[in-house]
1. If you take the residues in the range A:50-77 that are of a type in the set (S, T, N, Q) and crowded, with 17+ Cβ neighbours inside 10 Å, which one is farthest from the other protein chains (Cβ to nearest Cβ)?
2. I want to confirm something. Restricting to the range A:78-104 and keeping residues that are at positive phi and away from chain B (no Cβ under 13 Å), which single residue is modelled with the lowest pLDDT?
3. Somewhere in the range A:189-202, is a residue open to solvent by less than 20 Å² (accessible area, probe 1.4 Å), in a loop (DSSP other than H, G, I, E, B) and touching a Pro at 6+ places or on another chain (Cβ under 6 Å)?
4. Tell me, which residue of the range B:145-162 that is within 13 Å of the chain's Cα centre (by Cα) and without any contact (Cβ under 8 Å) to a residue 40 or more places away in the chain is surrounded by the most Cβ atoms within 10 Å (Cβ to Cβ)?
5. If you take just the strands (runs of 3 or more DSSP E) that sit entirely in the range B:1-119, which of them hold at least 1 residues that are more than 9 Å from chain A (Cβ to nearest Cβ) and open to solvent by 10 Å² or more (accessible area, probe 1.4 Å)?
6. Which of the following residues is at pLDDT below 75, hydroxyl-bearing (S, T, Y) and under 18 Å from the mean Cα position of the chain (by Cα): A:S164, A:S131?
7. When you scan the range B:124-144, how many residues do you find that are open to solvent by 30 Å² or more (accessible area, probe 1.4 Å), touching a residue at least 40 places away in the same chain (Cβ under 8 Å) and more than 10 Å from every other protein chain (Cβ to nearest Cβ)?
8. If you check B:D125 against the conditions, is it over 21 Å from A:S122 (Cα atoms) and part of a loop (DSSP other than H, G, I, E, B)?
Amino acid sequence: MLARRIIPCLDVKDGKVVKGVQFVGHEVLGDAVDMALRYRDEGADELVLYDITASSEGRTVDYNWVRDIARALDIPFCVAGGIRSAEQAVKCLNSGADKVSINSPALERPDLINELAEMAGSQCVVVGIDSREMALPLPKSVEHFSDKEGQPSKNVDYYVHQYSGDPDKIRQAGRRTLDWVVEARDRGAGEIVLNCMNQDGVRKGYDLKQLRLVRDLLDIPLVASGGAGSTEHFVEVFDQADVSGALAASVFHKKIIHIPDLKRDLRQAGIAVRL
Amino acid sequence: MITVIELGCANTASVLFALERLGVDAHLSSDAAEIAAAQKVVLPGVGAAGFAMNRIHELGLFDVIRGLDVPLLGVCLGQQLLFEGSDEGDVQCLGLIPGRVTRMEASKDFVVPHMGWNQLEVSRDDALTAGVNDGDYAYFVHSFVCPVNDCTLATATYGEPFAAMVRKGQVWGCQFHPERSSSTGARILENFVKL
């Protein structure tokens with residue numbers, strides 16, 4: 001049986017794994033290769049390595065550490081950060097990455113998804129989506145449909161956000177999440193990582209409602225991201241949102257959840273995992 | 001010395017690195033004469049069957065690969081290329097293993113690509129499957145599948161069973177990525193090295 005995947009996400013800067021400390025630089029957690037191997041030993045099914053400064057420094061991923069990780073690691077890994085062209089993606093894959101994940105650049109130029117899928121195959125193309133539920137004011141033309149209190153109706157829905165890595169640049173991308181998910185799939189994405197921003201970093205559980213809505217639209221793998229805080233959260237995201245994988249960062253880095261214990265508990269809860 | 005065929009598809013580096021981890025002398029080549037003289041050959045591949053077969057023809061490798069009398073291991077798309085043909089681009093493949101590669105039908109319950117760790121069921125004993133047990137996990141990423149037949153060494157099931165490992169004579173194949181399948185994958189590559 002196909003196992004559900006547990007995917008630690010590592011933020012990498014200059015070959016080191018770092019933990020963001022708001023606005024005051026980054027604390028180094030360890031060497032990227034060492035940390036990747038540690039998670040491999042603990043039973044991680046896949047890793048995401050995110051070059052956190054690539055986008056803001058206007059460059060692409062540093063292929064040197066991609067190659068170092070590929071040389072050492074014997075589980076799959078995905079590389080994210082600043083990939084803006086099919087050529088850059090192919091360089092990453094040729095350096096040994098199994099997949100590349102694109103987020104803001106795909107919103108800037110959606111054809112990037114098609115180009116990547118054509119050059120490397122859909123199975124290498126992950127589209128990351130930062131999404132949150134919010135109310136947008138309705139256009140003036142429909143404002144007269146106001147509710148009982150005379151307040152203008154709002155468009156409450158899930159909306160895609162862009163440049164979420166940078167607090168000064170983050171903005172709403174002007175797209176409904178459910179539309180963008182389908183478009184990304186149609187353009188050739190092989191997997192969607194849905195980062196539910198309402199839940200991100202608060203460790204109160206994945207956004208099951210949003211994930212379920214997206215899952216119901218998809219026949220490609222969906223990975224949940226944002227909100228993991230306990231084993232129970234992983235159980236419910238697999239049981240209730242039926243995702244292929246669950247991604248998390250801080251609970252693993254801060255050793256709140258130990259992957260071997262998590263996998264044992266998941267198996268006890270009847271969820272197929274690789275032990 | 002193992003020669004890894006470089007078709008210009010992505011991912012050949014990972015196979016080379018995995019062999020390096022085993023302490024094996026391996027190198028990349030797309031040169032017909034070099035491949036014809038190789039002691040052992042790996043045919044990796046990620047991407048589309050049509051693109052890969054075109055490259056094989058352009059590089060003059062079609063008859064070279066078909067004529068090899070040393071162990072050959074096809075990995076992922078490389079295994080699919082060993083079959084007679086593929087529905088992916090309706091392309092004629094190498095014809096070293098009987099049968100045709102077909103598309104996995106995506107559904108809500110069985111999302112495609114089939115991506116992740118799935119379990120192997122060993123169909124028969126073979127040098128390549130030595131030490132591999134039923135239920136061992138391997139890492140798969142693919143949207144097309146190879147049929148189960150007399151050449152099947154191991155199956156995996158995703159909706160339907162399909163050929164996860166194959167063998168005919170000196171030709172072997174893995175649908176999964178041994179270079180990304182942790183200790184099980186390393187064992188299989190080591191078995192290939194020892195052939």
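1. Taking the range A:50-77 first, the residues of a type in the set (S, T, N, Q) are A:53, A:55-56, A:60, A:64.
Filter again for crowded, with 17+ Cβ neighbours inside 10 Å, leaving A:53, A:55, A:60.
Working: A:T53: 24, A:S55: 22, A:T60: 16 Å.
Once the filter is applied, the top-ranked residue is A:T53.
2. First, the residues of the range A:78-104 that are at positive phi: A:81-82, A:96.
With away from chain B (no Cβ under 13 Å) added as a condition, the list becomes A:81-82.
On the way: A:G81: 87, A:G82: 81.
Filtering the range A:78-104 for residues that are at positive phi and away from chain B (no Cβ under 13 Å), the one modelled with the lowest pLDDT comes out as A:G82.
3. So in the range A:189-202, the residues open to solvent by less than 20 Å² (accessible area, probe 1.4 Å) come out as A:189-192, A:194, A:196.
Among the residues that remain, those that are also in a loop (DSSP other than H, G, I, E, B) are: A:189-190.
Still in the list and also touching a Pro at 6+ places or on another chain (Cβ under 6 Å): A:190.
Checked against the condition, which is being open to solvent by less than 20 Å² (accessible area, probe 1.4 Å), in a loop (DSSP other than H, G, I, E, B) and touching a Pro at 6+ places or on another chain (Cβ under 6 Å), the range A:189-202 yields at least one hit.
4. Looking only at the range B:145-162, we keep the residues that are within 13 Å of the chain's Cα centre (by Cα), and these are B:145-146, B:152-154.
Filter once more, so that each one left must be without any contact (Cβ under 8 Å) to a residue 40 or more places away in the chain: B:152-154.
Working: B:T152: 23, B:L153: 23, B:A154: 27.
By that ranking, first place goes to B:A154.
5. Details: elements: B:2-5, B:26-29, B:41-43, B:72-75, B:83-86, B:97-103, B:114-119.
Counting at least 1 such residues, we get B:26-29, B:83-86, B:97-103.
6. Working: A:S131 fails: at pLDDT below 75.
Exactly one of A:S164, A:S131 is at pLDDT below 75, hydroxyl-bearing (S, T, Y) and under 18 Å from the mean Cα position of the chain (by Cα), namely A:S164.
7. Here the count works out to 3.
8. On the way: over 21 Å from A:S122 (Cα atoms): yes; part of a loop (DSSP other than H, G, I, E, B): yes.
The answer is yes for B:D125.
The values are calculated or read from the model by the stated rules, or taken from the named source; none is laboratory data. What you see is a predicted model, and the numbers here were worked out from it, not measured in a lab. Glycine gets a Cβ as well: all are built from the backbone with ideal geometry, and neighbour counts include every protein chain shown. Accessible surface is based on the protein model in full, side chains and every heavy atom, while ligands, DNA and RNA are left aside. Shrake-Rupley method; radii C 1.70, N 1.55, O 1.52, S 1.80 Å.
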